[in-house]
Amino acid sequence: MFENMDAILLARFQFAFTVSFHIIFPAFSIGLASYLAVLQGLWLWTKQEVYIELFDFWKTIFALAFGMGVVSGIVMSYQFGTNWSVFSDKAGPVIGPLMGYEVLSAFFLEAGFLGVMLFGRHRVGPRLHFFATLMVAFGTLMSATWILAVNSWMQTPQGFGMNDVGQFVPEDWWAIIFNPSFPYRLVHMVLAAYLTTALVVGAVGALHLLRHTSPLRSGTMFSMAMWMLTIVAPLQILAGDMHGLNTLEHQPTKVMAMEGHYESHPDGAPLILFGIPNPDEKRVDYAIEIPKLSSLILKHDLNAPLPGLDTVPEELHPPVQIVFWSFRIMILLGFSMLGLGLWSLWCRWRGTFYQSDGLHRAALVMGPAGFIAVLAGWVTTEVGRQPFTVYGHLLTADSVSPISAPAVGSSLVAFIIVYFLVFGAGTFYILRLMSRLPRDPLGDLDEGPIRTAGITPAPHLARKQDYDHHGN
């Protein structure tokens with residue numbers, strides 16, 4: 001069934017499928033590891049049991065997400081040898097050591113202290129246990145740092161030379177690691193991970209506030225999540241703007257696709273809010289646009305000229321439709337996060353933060369938004385880089401292994417089936433754990449008093465049993 005399909009397209013789709021499954025777990029575990037460290041630090045500082053109870057609740061979820069992230073990431077590394085062996089051969093001298101550093105300095109750090117964090121609270125002292133939690137959180141950040149150094153070098157390569165067999169060879173490791181896009185992409189991704197975690201924690205807290213179960217625990221986590229969302233969302237918008245300016249400088253074709261600028265605009269470019277890119281006619285149909293706003297955002301000048309895709313050979317155009325829409329999905333969700341954070345501030349000011357069912361339902365609906373935004377951002381970044389794997393130096397068509405479409409298609413079908421079964425089951429179990437927040441020690445308020453001064457619960461329980469028996 002795959003004989004008439006393009007092997008390169010299938011290989012690209014297979015890697016996109018596996019990396020999309022993988023990225024949602026690190027995006028969650030990076031932020032959750034830091035959240036666990038904050039919870040344990042607050043417990044040590046304030047001695048309030050609610051923080052360590054939340055720590056125990058979320059550490060199990062972290063362990064599952066961490067494990068699924070490791071397993072899904074291993075599969076991706078095999079694809080470098082199966083589907084992308086030419087890329088591995090040519091770029092291996094640069095990206096190989098960086099990925100090795102990620103394993104040695106980050107993954108070993110996480111794995112080494114993970115057992116202490118999960119099982120050692122009653123076996124080691126509280127400060128040593130806190131140190132282990134900090135090391136796990138630091139390891140997740142280090143892991144993201146090395147992986148983003150690799151990917152950023154592929155986006156904005158520098159510090160390398162070419163040997164006589166066409167391989168990229170390192171000449172300046174500092175320039176390779178700290179390439180022009182690396183600082184912006186690292187900040188953008190880490191903030192995205194924190195937002196993703198805040199939205200998930202906030203959704204779980206909102207769910208249990210709506211259910212009126214565990215009001216102390218659910219209220220505490222919901223409040224912490226909304227504070228994180230309120231603070232980080234505007235920072236992420238600022239970081240995204242700076243990242244966009246950096247992309248305009250080093251990857252202008254990607255920005256042209258993101259903005260839908262098929263034509264150059266010598267007197268100021270409009271900001272196209274929505275529309276339907278038409279690659280055949282080289283225009284955006286049914287465009288809703290604001291005149292000259294794109295030039296103001298990208299050049300800080302209403303009349304600044306912006307080149308379009310008409311200045312780039314057509315064979316070097318990225319798939320505009322995909323990049324155009326994935327970028328807008330990311331932006332829309334980013335501003336939705338900002339709106340939710342501002343709404344929570346308004347409810348705090350009015351004193352209805354814990355009673356507002358509308359806010360709680362909105363937070364519950366926004367729970368998956370961080371994952372969708374992360375996926376949309378990665379699609380924008382990776383598809384916008386096409387047709388290159390190493391931007392400006394190595395084409396995707398020249399990076400693939402000598403493979404046949406049926407072979408890639410068969411393995412793709414196997415990946416889809418196994419991934420949805422294995423990771424679908426794991427995700428379902430995580431959701432089950434999230435829905436089972438332990439009750440507060442004193443019980444829920446709507447259960448009635450268990451014991452007050454001089455009063456036993458017997459009359460109260462008798463009336464309840466009589467009500468249950470007669471139904472009135």
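The values are calculated or read from the model by the stated rules, or taken from the named source; none is laboratory data. Keep in mind that what you see is a predicted model, and the values were worked out from it rather than measured. Quick reminder, even Gly has a Cβ in these numbers, built from the backbone with ideal geometry, and neighbours come from all protein chains shown. Just the protein is used for accessible areas: all its heavy atoms, side chains included, with ligands, DNA and RNA removed. Shrake-Rupley method; radii C 1.70, N 1.55, O 1.52, S 1.80 Å.
Of note:
- Taking a point 7 Å out from the Cα of residue 111 in the direction of its Cβ, the residues of the stretch 140-157 whose backbone N falls within less than 20 Å of it are 140-148.
- Put simply, the Cα atoms of the chain extend 89, 51, 48 Å along their principal axes, the longest span coming first.
- Solvent-accessible heavy-atom area per residue, rounded to whole Å², over the stretch 39-143 at 1.4 Å: 45
- For a straight C-alpha distance cut-off of 17 angstrom, the lysines reachable from residue 282 (same-chain residues fewer than eight places away being disregarded) are 254.
- Inter-part distance where the stretch 285-350 and the stretch 355-427 are each reduced to a Cα centre, Å: 21
- Ranking by accessible area, most exposed first, for 129, 212 with a 1.4 Å probe: 212, 129
- Label separation (residue 211 vs residue 89): 5.6 nm, computed from points 7 Å beyond Cα along the C-beta direction.
- Two-site label geometry, residue 346 and residue 227: point separation in nm, points 7 Å out along Cα→Cβ: 2.3
- Apportionment of accessible area to carbon and sulfur, the chain, percent (1.4 Å): 68
- Low-density loop cleavage sites - GluC sites (Glu not before Pro) in the stretch 93-177, where at most 13 other Cβ are within 10 Å (DSSP): 171
- Sequence-ordered 3J(HN,Hα) estimates for the stretch 56-70 from the Karplus curve with 6.51, -1.76 and 1.60 and θ = phi - 60° stand at 5, 5, 7, 5, 5, 5, 4, 4, 5, 5, 4, x, 5, x, 5 Hz, glycine and proline given as x.
- For the chain, the longest piece that avoids every one of the trypsin sites (Lys or Arg not before Pro) found in DSSP loops with at most 16 other C-beta atoms within 10 Å covers 124-281.
- Stretching the chain fully between residue 297 and residue 175 yields a gain of 41.0 nm (0.36 nm per residue, less the alpha carbon separation).
- Helical mean residue ellipticity (222 nm; -39500 (n - 2.57) per DSSP H run of 4+; nearest 500) of the chain: -23500 deg cm²/dmol
- Counted residue by residue at 0.36 nm each, then reduced by the alpha carbon distance between them, the extension gain from residue 44 to residue 20 reaches 4.9 nm.
- Protein-only accessible surface at a 1.4 angstrom probe places the residues 103, 200, 418 in the order 418, 103, 200, largest first.
- Charge sum, other residues only, whose C-beta stays under 15 Å from residue 65's C-beta, Lys/Arg counted +1 and Asp/Glu -1: +1
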